[in-house]
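First up is the structure itself, then whatever we jot down about it.
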C-alpha cells in the first residue's frame, strides 16, 4: 500500500476529528471523556504552529491517519524539544501508516534543529507503548494514577527519543 503524506489542511477537519473521536470514544489513547466538536480541529492547528502537521492518505485519497509535532514547552530553554502525536484510522493500523508519520516527523524535526522528541502515552494503551519502544523511544518517566477515564485510573507514560 502506498502512503502519501500531505500537510494538514482545513479541509481535513472532519476526517481528522472522526479519527480522533473514535479514539476518544473507544480507547484510552485520546484523553477526553467524550467526543470533541469539529471546531477542536482549529485548536489542533494552533497547537502545531511552526511545526509539521500531516495527513497520511492512500491511492484513493482516503485519510488513513494524521500526526504532528508541537512545542513541549514555550519557554526558550525547551526550543529543541517537541512532543509527537499520531492517530491512525483503526482499519489501517499495522500497515505502516504510523511508522510513515513517525519517520517523516522525526526527520523534519531533526532538520528544524530539534534534539529531543517526547511522546506521552496512556499506560492502558499497550499498542502505542509497543510502537514507541519498537521505534527507538525509551521510557523516561511515568506519572502514576494521574488520569481517569471511563471510571479507570491510569498512568501517563513519557517516552523520549534523542535525534
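Taken together, the values in this text are just the output of simple stated rules run on the coordinates, not laboratory data. These numbers were taken from a predicted model, which means no experiment stands behind them. With ideal geometry, Cβ positions are generated from the backbone for all residues, glycine too; neighbour counts draw on all protein chains shown.
Can you name the residue in region 81-119 that is over 26 Å from residue 9 (Cβ atoms) and surrounded by fewer than 15 Cβ atoms within 10 Å (Cβ to Cβ) and, of all such residues, is farthest from the chain's Cα centre (by Cα)? Per the criteria, the residue is 115.
Every condition in (1) surrounded by 14 or more Cβ atoms within 10 Å (Cβ to Cβ); (2) under 22 Å from residue 99 (Cβ atoms); (3) touching a strand residue (DSSP E or B) at 6+ places or on another chain (Cβ under 7 Å) holds for residue 31 except the one numbered (2). Of all residues in region 26-44, those that are farther than 17 Å from residue 120 by Cα and part of a helix (DSSP H, G or I) total 5.
Taken over region 117-163, the criterion of being in a strand (DSSP E or B), under 20 Å from residue 81 (Cβ atoms) and in contact with a helix residue (DSSP H, G or I) (Cβ under 9 Å, 6 or more places away or on another chain) is satisfied by 117, 119, 121, 138, 139, 157, 159, 161. Tell me whether region 6-25 contains one or more residues that are touching a strand residue (DSSP E or B) at 6+ places or on another chain (Cβ under 8 Å), surrounded by fewer than 18 Cβ atoms within 10 Å (Cβ to Cβ) and assigned to a strand (DSSP E or B). Yes.
Give region 72-111 a look and list any residue that's without any contact (Cβ under 8 Å) to a residue 12 or more places away in the chain, closer than 23 Å to residue 3 by Cβ and not in a helix (DSSP H, G or I), or say none. Answer for region 72-111, where residues must be without any contact (Cβ under 8 Å) to a residue 12 or more places away in the chain, closer than 23 Å to residue 3 by Cβ and not in a helix (DSSP H, G or I): just 94. Among all positions in region 134-153, there is at least one residue which is surrounded by fewer than 18 Cβ atoms within 10 Å (Cβ to Cβ), in contact (Cβ under 8 Å) with a residue 40 or more places away in the chain and over 25 Å from residue 41 (Cα atoms). Number of residues in region 46-66 that are surrounded by fewer than 12 Cβ atoms within 10 Å (Cβ to Cβ) and not in a loop (DSSP other than H, G, I, E, B): the value is 1.
Within region 46-60, the residues that satisfy the criterion of being without any contact (Cβ under 8 Å) to a residue 40 or more places away in the chain and out of contact with any strand residue (DSSP E or B) (no Cβ under 7 Å at 6 or more places or on another chain) are 46, 49, 50, 60.
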